[in-house]
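Presented below is the structure to which this report refers.
No lab work stands behind these numbers, since they all come straight from the coordinates. Here the structure is a predicted model, which means the values were calculated and not measured. We place every Cβ from the backbone using ideal geometry, glycine too, and count neighbours over all the protein chains shown.
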Amino acid sequence: MQHIAYANDQSHRGTILLVEDEPFVREATCNILENAGFCVLSAKDACDAIRLYEECNRTIDLIMTDMVLPGKTGQELGEDLRTRSEQLSVLVTSGYGNAEYETEDVVKRTYFLAKPYSRRSLVEKIEGILNPQVLQHSVTQAS
């Protein structure tokens, strides 16, 4: 099911391709992101995500993907899509406590967020990825 929406009363803050095979988690995450002002396209697996990415005539700012997907891992999907756009950021999520999954590489624009995550931690993580100056400013203010 393709899901594209903009939040009603907020400006467009970026386009996220959400890849999550669990329908409840996918729908709940879409709602969180839409309410935060993001445009969201959702995919149920890697094949669906690649199809949506290729069909999408607008720029995707971020791929948010579950690590464990049917047919391909979230990391493999991110690497595959990054061959089409080097500037694409990838946020991998996982509920498994595997240290291999939890690596971040700012140079490669690959990030990690552990499940379960709160609304606040999800939105803050995405804001920090899409606009690093916002994250740097809030960390400086907290010091």
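List of remarks:
- Annotation for Tyr117 and Asp80: the two label points, set 7 Å from Cα along the Cα-Cβ direction, are 2.1 nm apart.
- Cross-link reach is defined here as a Cα-Cα straight distance under 17 Å, omitting same-chain residues fewer than 8 places apart; for Lys115 the lysines meeting it are Lys125.
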